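The values are calculated or read from the model by the stated rules, or taken from the named source; none is laboratory data. Quantities reported herein were computed from a predicted structural model and do not represent experimental measurements. Note that we place each Cβ from the backbone using ideal geometry, even for glycine, and neighbour counts take in every protein chain shown. Ligands, DNA and RNA are excluded from the accessible area calculation, which covers all protein heavy atoms including side chains. Shrake-Rupley method; radii C 1.70, N 1.55, O 1.52, S 1.80 Å.
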Amino acid sequence: MFVTGGLKSLLPHMLRRIIRCNRLSISNTSGMAEGYKQANVVILHKSLADDFEKFCRANAGPLPLLYRSKPGDWKCPSLSSDSDIRTDCLQYRIYEHGACTGTLKSLKEYSEQLKDMVTFYLGCSFSFEKVVQNAGIPVRNVEQKCNVSMYKTAVPCYSISTFCCNLVVTMRPIPASKLEAAVLATSELKEAHGAPIHVGDPGLLGIQDLSKPDYGDPVHLHPGDIPVFWACGVTGVEAVINCRAPLAFTHSPGCMFITDLKNDNVTVRSSTEVPQVHCISQDPLHYSIVSAEAAQKIKNLETLIGIDPGDRGIIHLHRQDELLKACLSISHARSVLITTGFPTHFTYEPPEENDGPPGALAIAAILQALEKEVAVVTDQRAMNLNKKIIEEAVQLGILKRPVPLLSYQKGSADSALMFLCENGNPGRPRFDHLVAIERAGMAADGNYYNARKVNIKHLVDPIDELFLAAQTIPGIATTGVGDGGNELGMGKVKDAVKKHIKNGDVIACDVEADFTIVAGVSNWGGYAIACALYILSACEIHDRYLRKAVGFPQISKKTGWLSALPSVTKEEKLLKTLVRHGVRSGKTASLEMEVDGLPFYDTHSVMIEKLL
């Protein structure tokens, strides 16, 4: 009987011979034949083979197809020289009408049935373990001498005919300082599942308890480790179960088929292929992945909108990479709530300024194009005005359809919780992200001030309470967009506002957002968010991460996304609409200020052209 000590360095054909003779005292093949590809195995009746291949092609992350045999062919010449699929896995499972009816060391007794069956060899994450180790990253399950942990998720795969199931993932604990290295090491190894599909809280995948894997063994996290999840070929086992075929075979999870193919080192050549990892939430812990190229484009947008046309000192409020992190968070959101409205013209009717609504509608338009739920919450007194603006935005083609318009009033201590969550249950939020753009923000004394220190509290509903409540609800993130420090969400930079902005000691908003986007004009911030969300959606690396490597790339929808972006024509039409409804400019020196030599009145168009 062989023990595990020398198995790492044995060549695959030797290992297969040892396995074939049933002479190993191990329960899985993790760490064996280092540097060689291993494969999941699914064996189905030939009548199901075409549909299963389509299912694999449609879900290439968990089911990268290495080889499909012909009916009754027990060899796989492109993967190995002398193999026999009936004997060369450590252990097999037999499924009858979707139920596992036993485990086997050999399939030889089923040789007659196998003549009408097709074998699928699917990539396995064991293949990348040596690559990960070579990058200086510990592989905890190898260290702990156990199988990898595998979990069923709540993520549905793309269904084909009778093949439908949820994604199965493996989890590997990775030190926080090594996350990006782990993503980089695995991202190009697509036949071994490629880059992770989730980094952070397992609950976001529907996994309730890491100590209770559905397959494999529990793997313990060291202090400072982050759970990182890769798509897993055991997804194919789940598909076999749900298919309820009269007879099917698979490998036992962790007992892989070892091929003769080496994992070739892949060099990432361009910034479109270099992944970056960014933390977008601490509660729940959540990281996102994006290409270096897309990230740089969004950083360039952030620089563009940071121009200070009024020389008000907003450069001191700038927080690096807030636009990128905010938009990564929004891209993961299912439902977004937007608020705007700054009644700076307190002696007029309506008192609103025209900075805010155009940016808010630009965000709403791209969210609609990205098929996310979006709603707007505003002051009760401004409901009719905003309703008319939204209706005309639909007529002008700025919005695809009307955006639900909501108002918020405090009636009790839990009003904000009831508004944000179904039946006030923090575990069931209605919105994943709140965005405030040029929205009057509450100062430390509980009042609301315009830039000239005039208290406008009587015109402002307490929408700040929604942002305060969101801080206590896991899963709801917040973004504030402003250009002077007195806007909702700017509490994150209130010390800088008090120090560098005129009247800042009085007007500074005290309410923080998770992400603070500072722009020369708040509308510019809204346009930048819209453009950044487009960039992220068009990024193949981020798109794959969003869809958890199941289904097909969404890039085919690019034309629809482009048509939703702000444009000079849309901006001009919307500003005319606002003027028609009595909405005035909020910039006191708007006609005197210049950007790039043009009057400030025209700078929205200039900025849109630059952003696009």
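Would you pick out the residues in the range 371-381 that are surrounded by 22 or more Cβ atoms within 10 Å (Cβ to Cβ) and either not assigned by the TED database to the domain that holds G560 or not in a strand (DSSP E or B) (or both)?
D379
Scan T87, T170 and give me the residue that is in contact with a Ser or Thr (Cβ under 8 Å, 6 or more places away or on another chain) and over 16 Å from A231 (Cβ atoms).
Criteria check complete, one pass: T87.
In the range 239-259, is there at least one residue being modelled with pLDDT of 95 or more, of a type in the set (G, A, S), assigned to a helix (DSSP H, G or I) and open to solvent by 30 Å² or more (accessible area, probe 1.4 Å)?
No: zero hits.
Do you know which of the residues in the range 400-439 that are over 30 Å from G484 (Cβ atoms) and of a type in the set (G, A, S) is most open to solvent (accessible area, probe 1.4 Å)?
Only one residue fits best here, namely A413.
Residues checked against (1) farther than 12 Å from I529 by Cα; (2) part of a loop (DSSP other than H, G, I, E, B); (3) within 26 Å of the chain's Cα centre (by Cα):
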| residue | (1), (2), (3) |
| --- | --- |
| T347 | yes, yes, no |
| P351 | yes, yes, no |
| A360 | no, no, yes |
| A365 | no, no, yes |
| Q368 | yes, no, yes |
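Given the conditions (1) assigned to a helix (DSSP H, G or I); (2) within 29 Å of P196 (Cβ to Cβ), which single one is not true for E112?
Tallying (1) assigned to a helix (DSSP H, G or I); (2) within 29 Å of P196 (Cβ to Cβ), E112 fails exactly one: (2).
What pairs can you find where one residue is in the range 199-216 and assigned by the TED database to the domain that holds V550, the other is of a type in the set (S, T, Y) and not in a loop (DSSP other than H, G, I, E, B), and their Cβ atoms are less than 7 Å apart, with a gap of 6+ or different chains?
none
Just need a number here: residues in the range 321-335 that are closer than 12 Å to A519 by Cα and open to solvent by 10 Å² or more (accessible area, probe 1.4 Å).
The qualifying residues number 1.
In the range 382-397, what residues are in contact (Cβ under 8 Å) with a residue 60 or more places away in the chain and open to solvent by 20 Å² or more (accessible area, probe 1.4 Å)?
L385, K388, E392, L396, G397
Specify which of the listed residues (R57, R93) is out of contact with any Gly (no Cβ under 7 Å at 6 or more places or on another chain), open to solvent by 30 Å² or more (accessible area, probe 1.4 Å) and under 30 Å from L546 (Cβ atoms).
R57
Looking at the range 460-485 only, could you name the residues that are open to solvent by 10 Å² or more (accessible area, probe 1.4 Å) and under 14 Å from T340 (Cβ atoms)?
Across the range 460-485, the qualifying residues are V460, D461.
Six or more apart or on different chains, Cβ atoms under 6 Å: show the pairs whose first residue is in the range 179-196 and under 12 Å from G233 (Cα atoms) and whose second is in a helix (DSSP H, G or I) and open to solvent by less than 10 Å² (accessible area, probe 1.4 Å).
Pairs found: A192/S125; A192/S127; A192/F128; H193/S125.
Could you count how many residues in the range 131-166 are assigned to a helix (DSSP H, G or I) and under 10 Å from V219 (Cα atoms)?
The number of residues fulfilling the criteria is 4.
A295 fails exactly one of the following numbered conditions: (1) at pLDDT 95 or above; (2) surrounded by fewer than 17 Cβ atoms within 10 Å (Cβ to Cβ). What is the number of that condition?
(2)
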